[in-house]
Amino acid sequence: MPINYSKLFKLMKEKGLTTYRIRKERIISESALQNLRDGKNVTMDTISALCKALNCQPGDIMEYVDD
């Protein structure tokens with residue numbers, strides 16, 4: 001998959017956004033969270049919700065990596 005989400009998990013750690021809080025506050029679905037962990041496709045609604053929760057831009061949480 002050419003999209004890498006490692007920047008997301010680093011930023012979550014820096015800003016104290018835990019997966020528990022994501023689930024508790026229903027920021028994104030559990031399946032979307034698992035897709036992010038697995039590097040799979042997620043919707044723009046998921047990206048938007050994470051950007052809102054982290055107060056960031058999409059480029060801050062993901063990057064394109066050429067195969």
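Which one is least open to solvent (accessible area, probe 1.4 Å) among residues in segment 10-24 that are at negative phi and out of contact with any helix residue (DSSP H, G or I) (no Cβ under 8 Å at 6 or more places or on another chain)? Selected residue: R21. Scanning segment 36-47 for residues that are farther than 17 Å from L17 by Cα and at pLDDT 95 or above returns V42, T43, M44, D45. Just to be sure before I move on: is N55 open to solvent by 100 Å² or more (accessible area, probe 1.4 Å) and either of a type outside the set (D, E, K, R) or under 17 Å from K7 (Cα atoms) (or both) in the structure I sent? So N55 passes the test.
The values are calculated or read from the model by the stated rules, or taken from the named source; none is laboratory data. On a predicted model such as this, the values are computed, not experimentally measured, just so you know. Positions of Cβ are generated from backbone atoms using ideal geometry, with glycine treated the same way; all protein chains shown enter the neighbour counts. Ligands, DNA and RNA are stripped out before the accessible areas are found, and what is left, the full protein with its side chains, is counted by its heavy atoms. Shrake-Rupley method; radii C 1.70, N 1.55, O 1.52, S 1.80 Å.
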